[in-house]
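J.: My structure is below; once you've seen it, I'll send some questions.
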Amino acid sequence: MTDRDHKETLTDALDGTISTDGGTATPFETVSQVEESRADRFWTAYDTYVRAPLSIVWGDWRARIGFAIVLCYLLMGTVGTVVIEPTAPAEGPALIQPFETMDYPLGTDDMGRDLFSQVVHSTQEMLKMITAGALFSVTLGTLVGAVAGYKGGWIDTVLSSITDVFINIPGFPLVMVLVAIFEMGENPYMIGILLSVASWSGLARAIRSQVLTLRQESFVESARTMGLPTHVIVSKEIVPPLLPYIVINLTNAARRVIFEAAALYYLGILPFEKLNWGVTLQLAYEAEAHARPQALHWFLVPMAAITGISIGLILLGQSLDRVFNPRVRARHEKTTADEDTLEATTH
Amino acid sequence: MVFNNWRIRRVGQAVFTVWAVLTLSFALVRLMPGNPMGAMLVQLEQSGMNPARARELVEARLSVRPDQPIPIAYMNYLTSTLQGDLGQSIASGEPVANEIAQALPWTLFVMSWSLCITFVLGVVIGALMAYWEGGRLDVGLTSWAILMGSIPFYVLAFLLLIFLSYRFGWFPTGGKYVAGTEPGFNLPFISGVMYHAILPVLSMLVASGVASLGMRGNSIRVLGSDYLRVARLRGLSDLTISSQYVARNAMLPMYTTLLINIGEMFGGSVVLEQVFQYKGLGYYLYRAVNIRDYPRMMGGFMVITIAVVIALFIADMTYSMIDPRAGGASNESY
């Protein structure tokens, strides 16, 4: 104990409540200067989680296009299936060109089935696959990566070895073999998860390496010193800073599920009853549509459907990057605007 | 010391992965419900073969003996597979290993070209975008890269096939080499092989879009760092700065992209080779799955996986030569 400390404790002991800096209150008795009602808190939350992200998204042209495209597909998958009638063979003449008549806006295939209706009615199943697959791979990848990176030691060794095995196995052949052996049903959720059975590993490795730097940060260290249990530290301290990265990976995972699902249907490996983008491709290929100029649109329509949603997802992923960028955020949030102006005046 | 340890660990990891893949395929063949062994037995017995003969045939084809207890069957499976015995094809009766040995080089040929060109294109385009960040070239190339990233490689493959092969007739519509040329080290054969590989390689280049976006981000980050300013103040030439400082540091994270691309490209070869009727390993695997030729299917799967394991191993080893920091992460347990 230094001389000065000694003197202070002495004065404290002498006059009881008054502390050495002249104040009368200990830090434990301090009352907040600002009062916050429940409504205030609600507005802050609304501003942070709903208004600011939307405003950022709206301010970026890429986001606007991406958002519009994804919304289009969502509408096709929900409202579209109700509004537009499913198609049947011999509904119209064979191989009508696109934009020729308004009855068949995208033309028909060689059995007279409306291609536009085919595209719309495949969307719902595809969206289900995408949702299941993307959520599965991102959740598992984040969980494994965060726990492995944070815990270290033998848990890390075990989890990392498993991750490495899955990174080394090429996903598509594995899925093919699994589909061939298990004779998959038609449940789109199951297919989505199966397609992601190996793809979580890349994200797990990336998350792990980021957690390795994060675990040495002081806020994580203090949480550990406070004796918080591991699952609380991982879910409350480790994962939130990585959320932007995780969300962007959600769109990437979704894109991969579409690509792989369409490819498997095209190869004729997944069983099907209803038509979808991949099946349409397969039928077109088997009918040699690629060699027949008048059947070209039969190929182009499903390919455009796959590429379209993928462009939407990529643009959305790139703009979400901005949503999570704190500097861009601050400019759009009303509740933090005060600090912004303060900063502007002091500089 | 850490460096050496890391190398040894990496070798161990590769061996572990190969073992895991072999075990997985054994489990799939023997243990899973609806497993190929059971399916084959049923198939053969239904076609009127007596059970004993059917068992013999299954054993010969799948190198798994149906009546052995699982641990012994597993050991036998491991040893025979490691000796290169992948069973015999149901369709042709040929040893699967021989068939694969003929198909594999073609896939490796196309894949290595695709990988190299993708990587170089990604780095060069990404660097150009970063150098003229915000300019017209940047916007144009970024849009191009996003478009490339949105197109599945098989869609590009179809477009190339439809227009360049069927419409204009510039390229062959399928096959690996010109029919009638004698396979060997002669000019007509080799130029024919190149000619047939152009479209498959071009289709795989869509991966360069995402790679170039990654390179662009890395370069912009490096361009803003302090040591570059110091390098300029020291009066280093632009060429030295751009090649030694910017390019090198921006390229290091690209290695991860390359690693992921290896797996995805090998996996994608199944679809690619089907589209172009290019009879490599991917096409072989596709045919096997389609006609449920289980020995071919498992053999193809194992070989394609082991090829990826080896490719990733080589890539990791060279990475540690370029980046001395590789592998030195803290592993302290919390």
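J.: Would you confirm, using the coordinates I've provided, whether A:Ser122 is away from chain B (no Cβ under 14 Å) and within 30 Å of A:Glu85 (Cα to Cα)? Don't jump to the end; show me each part of the working.
T.: Details: away from chain B (no Cβ under 14 Å): yes; within 30 Å of A:Glu85 (Cα to Cα): yes.
When the stated conditions are applied, A:Ser122 passes them.
J.: While we're here: Could you check A:Ser137 against (1) within 14 Å of another protein chain (Cβ to nearest Cβ); (2) within 20 Å of B:Ile260 (Cα to Cα); (3) open to solvent by 10 Å² or more (accessible area, probe 1.4 Å); (4) not aromatic (Phe, Trp, Tyr) and say which number it fails?
T.: (3)
J.: Please work out which residue is least open to solvent (accessible area, probe 1.4 Å), limiting yourself to the range A:166-175 and to residues that are modelled with pLDDT under 85 and not in a loop (DSSP other than H, G, I, E, B).
T.: A:Asn168
J.: Still on this structure, I have one more. Can you tell me which residues in the range A:153-197 are more than 8 Å from every other protein chain (Cβ to nearest Cβ), among the aliphatic types (A, V, I, L, M) and touching a Pro at 6+ places or on another chain (Cβ under 8 Å)?
T.: Within the range A:153-197, A:Met184 is the sole residue that qualifies.
J.: A follow-up question, please. Out of all the residues in the range A:236-277, which are free of Cβ contacts under 8 Å to residues at least 60 places away in the same chain and more than 10 Å from chain B (Cβ to nearest Cβ)?
T.: Those that are free of Cβ contacts under 8 Å to residues at least 60 places away in the same chain and more than 10 Å from chain B (Cβ to nearest Cβ): A:Lys236, A:Glu237, A:Pro240, A:Pro241, A:Tyr245, A:Tyr265.
J.: I've got another one for you. Exactly one of (1) exposed (fewer than 14 other Cβ atoms within 10 Å of the Cβ); (2) under 30 Å from B:Val270 (Cα atoms); (3) at pLDDT below 75 is unmet by B:Gln43. Its number?
T.: Going through the list (1) exposed (fewer than 14 other Cβ atoms within 10 Å of the Cβ); (2) under 30 Å from B:Val270 (Cα atoms); (3) at pLDDT below 75, B:Gln43 breaks only (1).
J.: Would you call A:Gly317 assigned to a helix (DSSP H, G or I), at pLDDT below 85, within 11 Å of chain B (Cβ to nearest Cβ) and more than 28 Å from A:Val177 (Cβ to Cβ)? Working first, answer last.
T.: Values: assigned to a helix (DSSP H, G or I): yes; at pLDDT below 85: yes; within 11 Å of chain B (Cβ to nearest Cβ): yes; more than 28 Å from A:Val177 (Cβ to Cβ): yes.
When the stated conditions are applied, A:Gly317 passes them.
J.: Now, a different point. Based on this model, can you work out whether A:Arg256 counts as of a type in the set (D, E, K, R) and modelled with pLDDT of 80 or more?
T.: Yes; evaluated as a whole, the condition is true for this residue.
J.: Right, another one. If I ask for residues that are more than 9 Å from chain A (Cβ to nearest Cβ) and under 21 Å from the mean Cα position of the chain (by Cα), which ones from the range B:147-168 would you list? Steps first, answer last, please.
T.: To start, the set of residues in the range B:147-168 that are more than 9 Å from chain A (Cβ to nearest Cβ) comprises B:148, B:156-157, B:160, B:163-164, B:168.
Answer for the range B:147-168, where residues must be more than 9 Å from chain A (Cβ to nearest Cβ) and under 21 Å from the mean Cα position of the chain (by Cα): B:Met148, B:Leu156, B:Ala157.
J.: Something else about it: So which helices (runs of 4 or more DSSP H) are wholly in the range A:35-116 and hold at least 3 residues that are open to solvent by less than 30 Å² (accessible area, probe 1.4 Å)?
T.: Where helices (runs of 4 or more DSSP H) fall fully within the range A:35-116 and carry at least 3 residues being open to solvent by less than 30 Å² (accessible area, probe 1.4 Å), they are A:52-59, A:61-75.
J.: Among the residues of the range B:266-273, are any in a helix (DSSP H, G or I), assigned by TED's automatic domain parsing to the domain that holds B:Phe119 and over 21 Å from B:Ala211 (Cβ atoms)?
T.: Looking through the range B:266-273, at least one residue is in a helix (DSSP H, G or I), assigned by TED's automatic domain parsing to the domain that holds B:Phe119 and over 21 Å from B:Ala211 (Cβ atoms).
J.: From A:Leu228, A:Leu203, A:Leu194, grab the single residue that is within 21 Å of A:Gly149 (Cβ to Cβ), at pLDDT 85 or above and under 22 Å from the mean Cα position of the chain (by Cα).
T.: Only one candidate qualifies: A:Leu203.
J.: Would you please name the residue that is nearest to the chain's Cα centre (by Cα), looking only at residues in the range B:49-67 that are at pLDDT below 70 and not in a helix (DSSP H, G or I)?
T.: B:Ser63
J.: Also: Tell me, which helices (runs of 4 or more DSSP H) wholly within the range A:180-234 include 2 or more residues that are farther than 20 Å from A:Met126 by Cα? Please lay out each step first, then the result.
T.: Details: elements: A:188-195, A:200-214, A:218-225.
The qualifying helices (runs of 4 or more DSSP H) are A:200-214, A:218-225.
J.: Can you tell me which residue within the range B:249-287, out of those that are more than 13 Å from the chain's Cα centre (by Cα) and free of Cβ contacts under 8 Å to residues at least 40 places away in the same chain, is farthest from A:Leu203 (Cα to Cα)?
T.: B:Arg287
J.: Pick out the one residue from B:Gly282, B:Gly224, B:Gly268, B:Gly209 that is open to solvent by less than 30 Å² (accessible area, probe 1.4 Å) and modelled with pLDDT under 85.
T.: On the way: B:Gly282 fails: modelled with pLDDT under 85; B:Gly224 fails: open to solvent by less than 30 Å² (accessible area, probe 1.4 Å); B:Gly268 fails: modelled with pLDDT under 85.
Exactly one residue qualifies, and that residue is B:Gly209.
For every residue, the table says whether it meets (1) assigned to a helix (DSSP H, G or I); (2) assigned by TED's automatic domain parsing to the domain that holds B:Arg61; (3) crowded, with 17+ Cβ neighbours inside 10 Å.
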{"site": "B:Tyr77", "(1), (2), (3)": "yes, yes, yes"}
{"site": "B:Ile100", "(1), (2), (3)": "yes, no, yes"}
{"site": "B:Met111", "(1), (2), (3)": "yes, no, yes"}
{"site": "B:Val120", "(1), (2), (3)": "yes, no, no"}
{"site": "B:Met129", "(1), (2), (3)": "yes, no, yes"}
{"site": "B:Leu137", "(1), (2), (3)": "yes, no, no"}
{"site": "B:Gly140", "(1), (2), (3)": "yes, no, no"}
{"site": "B:Phe171", "(1), (2), (3)": "no, no, yes"}
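J.: Looking only at the range A:209-239, which residues are closer than 28 Å to A:Thr131 by Cβ, out of contact with any Phe, Trp or Tyr (no Cβ under 8 Å at 6 or more places or on another chain) and open to solvent by 60 Å² or more (accessible area, probe 1.4 Å)?
T.: Passing the criteria: A:Ser209, A:His231, A:Ser235, A:Lys236.
J.: Separate question: Which pairs turn up if I take residues in the range B:74-86 that are closer than 10 Å to B:Gly299 by Cα and look for partners that are among the basic types (Lys, Arg) and surrounded by 14 or more Cβ atoms within 10 Å (Cβ to Cβ) with beta carbon separation below 9 Å, at least 6 apart in sequence or on another chain?
T.: As it stands, the answer is B:Leu86/B:Arg296, since those pairs meet every condition given.
J.: Under 9 Å by Cβ, and 6 or more places apart or on different chains, what pairs join a residue from the range B:205-224 that is in the same structural domain as B:Gly268 (by TED's automatic domain parsing) with one that is in a loop (DSSP other than H, G, I, E, B) and hydroxyl-bearing (Ser, Thr, Tyr)?
T.: Close Cβ pairs satisfying both conditions: none exist.
J.: Evaluate the range B:187-201: report whether one residue or more is in contact with a helix residue (DSSP H, G or I) (Cβ under 8 Å, 6 or more places away or on another chain), within 13 Å of chain A (Cβ to nearest Cβ) and at pLDDT 85 or above. Before you say what the answer is, go through the steps one by one.
T.: From the range B:187-201, those in contact with a helix residue (DSSP H, G or I) (Cβ under 8 Å, 6 or more places away or on another chain) are B:193, B:197, B:199-201; that's our starting set.
From what is left, the residues that are within 13 Å of chain A (Cβ to nearest Cβ) are B:199.
From the residues that got through so far, the ones that are at pLDDT 85 or above too are B:199.
For the range B:187-201, residues in contact with a helix residue (DSSP H, G or I) (Cβ under 8 Å, 6 or more places away or on another chain), within 13 Å of chain A (Cβ to nearest Cβ) and at pLDDT 85 or above: present.
The values are calculated or read from the model by the stated rules, or taken from the named source; none is laboratory data. What you are looking at is a predicted structure, and each value in this text was computed from that prediction instead of being measured. Because the Cβ atoms are built from the backbone with ideal geometry, glycine has one as well, and the counts that use them run over all protein chains shown. Areas reflect the complete protein model, heavy atoms only, side chains present, ligands, DNA and RNA absent. Shrake-Rupley method; radii C 1.70, N 1.55, O 1.52, S 1.80 Å.
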